[in-house]
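Asks: Below you will find the structure I want to go over with you.
The values are calculated or read from the model by the stated rules, or taken from the named source; none is laboratory data. The structure presented is a predicted model; accordingly, all values stated were derived computationally and were not measured. Ideal geometry is used to build each Cβ from the backbone, glycine not excepted, and the neighbour counts take in all protein chains shown.
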């Protein structure tokens, strides 16, 4: 008896501490519901050990009986909680279908205990050793209800061991201590069942088994943390390795990109040189022939004038090529000022009326907010180029409609200008390359007109789109934000080049 009380007191302390720590872990991590079940299980085990301690130290039968009744209540509670913990830890959702039997059995056991069903056991053994770690020379005679209670506890311990062992084998390596504790608990439960049946002389070991289970469960959070820390270290090392590999890949990619940029620049320079050589060689050849003709002694006045006209025409062509090249190559510097877009369109259309009097020209103002902040000279180049393309696409007759309307794009308000012609339109291939530098369908064009238009519109924070189909004319839309005196709204991206044939026109691009 001298060693029994300190042992039970230590068991009570360990189990109540475990219950407190599990409750704290549940509060900090509510998703781990098995911590809550473990806290209740440790509390029930602590109650049983406390009752056993009181019974062992009792000097009167009545006090021993009350303590024993308290111990039996804790024992009844451990039966369903063992099963519940095993299910939760094993990853099986504890449903009412699985838990009604153990919890119902626990309620019946608690009621039987309160009605004194186990009282005969206490009267016969209270003076010998109590319920736990009793004297080894005592032979206990308990009623059938007590034997059944220990058998139920044995079944619960076996269930908990099976479920936790299954979880351990499935990958929960931190559960080894629980498996060991559950094994010791099952061994103690089997021993106590044999003792309760009177087949073996000795004391009860259930409190020692429950303490072993509690200690095993108590190692779970720390073991889980250690496993997570180890996994985190492994992932960190792997991430560092991949980061170094990614850095090397990035350096290789940057080197390859620099090489590609150099090659692209050389390709662009080569293409530019080829285009310029092609565009310059023909006028130079014509100029050389004209000069050779002018050097002849016997040349009529009429031929002389013709050759001079050829020289002037080819010189103008070369000058236009150089001018377009300079416009395309030089950065677009927007000198912002406030102007009325409708007046600018009227001046651009007046030139079209004088150039082709057989073409009907119409300006539709659907927006009364014609004021913009931008560079009027640059935008005049835009609309002169687009209107000239439209006029040339229609040939000798047709209708040119310029429509000005209020519009917003990506949350930015502004003005959209639609330039609509009734020309031959563009097929898919021509339309997809219309913005490319040096691409043109006009014999006298440089192929830089729409490329320059695109750059100027983008510098104003606007958007430029071509809507065309072969044989159905073309609609070119230029969206310009209202802007401000300081900076125009940033462009949110140009519309992608169409891949199918939307409504619109093939137009010779210059």
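Asks: What do you reckon, is residue 386 modelled with pLDDT under 85, assigned to a helix (DSSP H, G or I) and within 26 Å of residue 362 (Cβ to Cβ)?
Replies: no
Asks: Here's something else I'd like to know. With respect to the numbered conditions (1) farther than 25 Å from residue 353 by Cα; (2) at pLDDT below 75, which one is the sole condition not fulfilled by residue 409?
Replies: (2)
Asks: Quick check on region 383-401. Is at least one of its residues surrounded by fewer than 17 Cβ atoms within 10 Å (Cβ to Cβ) and under 46 Å from the mean Cα position of the chain (by Cα)?
Replies: The answer is no, given that none of the residues of region 383-401 is surrounded by fewer than 17 Cβ atoms within 10 Å (Cβ to Cβ) and under 46 Å from the mean Cα position of the chain (by Cα).
Asks: Turning to a different aspect of this structure: Just to be sure, is residue 304 under 30 Å from residue 485 (Cβ atoms) and either in the same structural domain as residue 405 (by TED's automatic domain parsing) or surrounded by 11 or more Cβ atoms within 10 Å (Cβ to Cβ) (or both)?
Replies: Spelling it out, it is not the case that residue 304 is under 30 Å from residue 485 (Cβ atoms) and either in the same structural domain as residue 405 (by TED's automatic domain parsing) or surrounded by 11 or more Cβ atoms within 10 Å (Cβ to Cβ) (or both).
Condition check ((1) free of Cβ contacts under 8 Å to residues at least 24 places away in the same chain; (2) more than 21 Å from residue 449 (Cα to Cα)) across all residues:
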site: 293; (1), (2): yes, yes
site: 297; (1), (2): yes, yes
site: 316; (1), (2): yes, no
site: 322; (1), (2): yes, no
site: 326; (1), (2): yes, no
site: 345; (1), (2): no, no
site: 350; (1), (2): yes, no
site: 355; (1), (2): no, no
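Asks: Right, next: Which residue out of 13, 31 is part of a helix (DSSP H, G or I) and either in the same structural domain as residue 149 (by TED's automatic domain parsing) or in contact with a strand residue (DSSP E or B) (Cβ under 6 Å, 6 or more places away or on another chain) (or both)? So that I can check it myself, show each step before the final result.
Replies: On the way: 31 fails: part of a helix (DSSP H, G or I).
That would be 13, the only listed residue that is part of a helix (DSSP H, G or I) and either in the same structural domain as residue 149 (by TED's automatic domain parsing) or in contact with a strand residue (DSSP E or B) (Cβ under 6 Å, 6 or more places away or on another chain) (or both).
Asks: Inspect all residues belonging to region 227-243 and state whether any of them is in contact with a helix residue (DSSP H, G or I) (Cβ under 7 Å, 6 or more places away or on another chain), more than 30 Å from residue 318 (Cβ to Cβ) and surrounded by fewer than 20 Cβ atoms within 10 Å (Cβ to Cβ).
Replies: Scanning region 227-243 turns up at least one residue that is in contact with a helix residue (DSSP H, G or I) (Cβ under 7 Å, 6 or more places away or on another chain), more than 30 Å from residue 318 (Cβ to Cβ) and surrounded by fewer than 20 Cβ atoms within 10 Å (Cβ to Cβ).
Yes or no, residue by residue, for (1) within 27 Å of the chain's Cα centre (by Cα); (2) exposed (fewer than 10 other Cβ atoms within 10 Å of the Cβ); (3) at pLDDT 85 or above; (4) outside the structural domain of residue 44 (by TED's automatic domain parsing):
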position	(1), (2), (3), (4)
206	no, no, yes, no
209	no, no, yes, no
212	no, no, yes, no
247	yes, no, yes, yes
250	yes, no, yes, yes
253	yes, no, yes, yes
271	no, no, no, yes
274	no, no, no, yes
281	no, no, no, yes
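Asks: So, in region 461-496, of the ones that are in a loop (DSSP other than H, G, I, E, B), modelled with pLDDT of 80 or more and within 34 Å of the chain's Cα centre (by Cα), which residue ends up surrounded by the fewest Cβ atoms within 10 Å (Cβ to Cβ)?
Replies: Once the filter is applied, the top-ranked residue is 461.
Asks: Tell me the residue from 24, 17 that is within 15 Å of residue 216 (Cβ to Cβ) and either surrounded by fewer than 18 Cβ atoms within 10 Å (Cβ to Cβ) or out of contact with any helix residue (DSSP H, G or I) (no Cβ under 9 Å at 6 or more places or on another chain) (or both), please.
Replies: 17
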